[in-house]
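Below is one structure, written out as structure tokens; the observations come after it.
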Amino acid sequence: MLLEINPDNIDERIIQQAVNSLKKGGIIIFPTDSVYAMGCDLYNKSALAKLAKLKGIKLNKARFSIICNNLSELSQYIKQIDRPTFKLLKQNLPGPFTFILTATNEIPRLFDSNRKEIGIRIPDNAITLRLAEALGSPIATTSLHDNEDTFLEYFNDPYEIYQRFENEVDLVIDGGYGKLNASTVIDLSSGVPEIIRQGVGFLNE
């Protein structure tokens with residue numbers, strides 16, 4: 001199913017339709033402030049396993065990030081951070097970044113793994129933030145990547161995405177054209193920012 005949402009005038013009925021799909025264990029594709037992403041409800045174990053299978057990996061090997069609605073939601077998933085780290089997050093989020101931080105015990109439990117870190121995203125995209133807010137819990141997510149296409153790693157046309165993935169996911173949200181570059185990944189687990197991958201975002205320190 002392809003659902004179109006105007007980011008400047010969000011239709012709450014469509015948001016609710018997408019949230020209902022997530023709560024039932026659905027996998028959805030949605031826009032972010034970088035590339036389109038694929039995700040599910042963090043608290044639905046069968047959906048997490050399905051998402052991992054779509055990526056060709058086992059859940060305990062998955063390195064999914066989580067999309068939160070705001071910074072106050074992070075405390076359940078990351079260990080206490082110092083003031084400079086919090087200031088860095090506050091200066092750059094919402095934005096096209098994935099920050100890797102030390103995870104609480106909640107994360108290994110959810111992913112059936114011994115993960116010690118978790119990637120945190122708060123994208124600067126009204127649709128994504130509204131989805132996470134309406135769901136009431138984070139969205140486990142991974143960038144949309146097509147292993148069959150070596151030339152164009154990421155899709156930015158929602159209709160093309162729908163044609164490629166309509167039989168693999170429950171719905172695709174058309175929020176307009178996405179970018180062709182992924183988020184910038186910054187490891188903060190040691191307390192010192194280390195850029196792992198330079199993407200769309202440029203860190204404001």
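The values are calculated or read from the model by the stated rules, or taken from the named source; none is laboratory data. This is a predicted model, so every value here is computed, not measured. For neighbour counting, all protein chains shown are included, and Cβ atoms are generated from backbone atoms with ideal geometry for every residue, glycine included.
Of all positions in segment 85-102, none carries a residue that is modelled with pLDDT of 95 or more, touching a helix residue (DSSP H, G or I) at 6+ places or on another chain (Cβ under 6 Å) and not in a helix (DSSP H, G or I).
Considering only segment 190-203, I want to know if a residue exists there that is within 19 Å of I27 (Cβ to Cβ) and in contact with a strand residue (DSSP E or B) (Cβ under 6 Å, 6 or more places away or on another chain).
Narrowing segment 190-203 to residues within 19 Å of I27 (Cβ to Cβ): none.
Taking every residue of segment 190-203 in turn, none turns out to be within 19 Å of I27 (Cβ to Cβ) and in contact with a strand residue (DSSP E or B) (Cβ under 6 Å, 6 or more places away or on another chain).
Within segment 95-116, the presence of a residue that is surrounded by fewer than 22 Cβ atoms within 10 Å (Cβ to Cβ), closer than 20 Å to S34 by Cβ and basic (K, R) is excluded. Quick check on segment 1-37: of everything there that is crowded, with 20+ Cβ neighbours inside 10 Å and in contact with a Phe, Trp or Tyr (Cβ under 8 Å, 6 or more places away or on another chain), which residue is farthest from N167 (Cα to Cα)? Ranking the candidates gives V35 first.
The test for being closer than 26 Å to L71 by Cα, out of contact with any Ser or Thr (no Cβ under 7 Å at 6 or more places or on another chain), of a type outside the set (S, T, Y) and surrounded by 22 or more Cβ atoms within 10 Å (Cβ to Cβ) does not hold for I161.
If you go through segment 79-94 and keep only what is touching an Asp or Glu at 6+ places or on another chain (Cβ under 9 Å) and either surrounded by 15 or more Cβ atoms within 10 Å (Cβ to Cβ) or closer than 27 Å to S46 by Cα (or both), you end up with L88, N92, L93, P94.
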